[in-house]
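What follows is a single structure, written as structure tokens, with notes after it.
What follows draws every value from the coordinates through simple rules; no lab data is involved. Since the structure is predicted, the reported quantities are computational estimates derived from the model, not experimental observations. All Cβ positions, glycine included, derive from the backbone under ideal geometry; neighbour counts span all protein chains shown.
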Amino acid sequence: QAKQAGRNGMRFFDQQMQDTINARAKLEEALRMAVEQKQFELYFQIQVDQFGAATGAEALIRWIQEDGSFVSPARFIPLAEETGLILPIGDWLLDTACAQLKRWQNDPKTEHLTLAINISAAQLHQWDFCQKVEECVESYGINPQRLKLELTEGILLANIEDTISKMQKLKFLGIRFSLDDFGTGYSSLQYLKRLPLSQLKIDQSFVHDLVSNNNGQAIVSTIIAMASSLQLDVIAEGVENMAQRNYLEQLGCSRYQGYLFGRPMPAAAFRASLSQCL
Ligand code: C2E
Ligand code: MG
Ligand code: MG
Ligand code: MG
């Protein structure tokens, strides 16, 4: 009996593994096509200050398949990173984001906004990454102070010397850096001190724990204290309700991003959502 069950268990496991491998291969194939045909769109999510006024936006990539269905970046960005497809995607992203920022700068409604884009490790560590960014900023004629690059702690640990030297080069041009998903990695204060950052971004998992859970409160307080001792600004992501927002404000965080203020949306809808505030 047991032997029988074991065999069946094994067969079941094999089948599941095979299915996973097949699904992955299919997704990779589709992603290659998507890169060739540029089946991507940038969505924009508002960032606000303590008065609810827009200070900027984060660009979030969307893969829109031929049939109109969406694939979440949480699903395809890791695959893009493993396969190297993140490099052409990153080039597209940089160009598209800079083009958008240029449009914003020519529009009184949006000229003051910053635009944050997510940068993957492989992108940052390309030998010509700084040149790519500089060329893009120059060719669109955008104000580099309005461009913010979001890095995660994982990137920093991968190759700290290269990271710091690239960050310094780009900072010299006026570009700023935000440390995304902060608190989920392992960076020590010692590390952070060496990085020319301008912002820490509190990960949404801590924001979600904030109201219900003492741990969440302690972590957020610690992050805010770190930011203040390093003279960085701090923004919270994933803010979904007023209770969270008010708690954050009490703890000293006065920049917010999350569904409470706006969902990620296409550029035109984003602009329209702003005019309601004015
Ligand atoms: P992230 O950079 O931490 O982005 C925040 C994610 O939280 C976004 O998911 C956003 O839609 C979601 N979010 C925003 N507000 C709320 C909220 O109030 N509640 C909840 N539950 N979620 C909220 P999204 O767009 O699915 O992106 C997921 C991740 O994919 C991003 O996390 C980022 O790591 C990556 N990603 C997205 N776009 C790009 C890109 O253009 N390049 C790279 N390299 N990575 C990207
Ligand atoms: Mg981000
Ligand atoms: Mg984040
Ligand atoms: Mg996150």
**26 Å Cα cut-off, lysine pairs counted over the range 100-193 (separation 8 or more, or different chains)** = 17
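Over the chain, calculate the relative contact order: mean separation of alpha carbon pairs under 8 Å at least 6 apart, over the residue count, as a percent.
18 percent
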**Request:** Obtain the nm distance between the two label points defined at residue 112 and residue 242 by a simple spin-label model: each point lies 7 Å from its Cα along the Cα-to-C-beta direction.
**Result:** 2.5 nm
**Asked** Per residue of the chain, what 222 nm ellipticity follows from adding -39500 (n - 2.57) for every DSSP H run with n ≥ 4, rounded to the nearest 500?
**Response** -17000 deg cm²/dmol
**Request:** Give me the distance in nm between label points sitting 7 Å out from Cα along the Cα-to-Cβ direction at residue 125 and residue 91, one decimal.
**Result:** 2.0 nm
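Would you mind calculating the gained length between residue 225 and residue 62 on full extension (0.36 nm times residue separation, minus the Cα-Cα distance), in nm to one decimal? It would help to have the intermediate numbers written out before the result.
Details: separation 163, 0.36 × 163 = 58.68 nm, distance 3.43 nm.
Stretched out fully, the residue 225 to residue 62 stretch lengthens by 55.2 nm.
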**Message:** Given points 7 Å out from each Cα along the Cα-Cβ axis, report the residue 55 to residue 259 separation in nanometres with one decimal.
**Reply:** 2.4 nm
**DSSP bridge pairs, the chain: antiparallel proportion in percent, nearest 5** = 40 percent
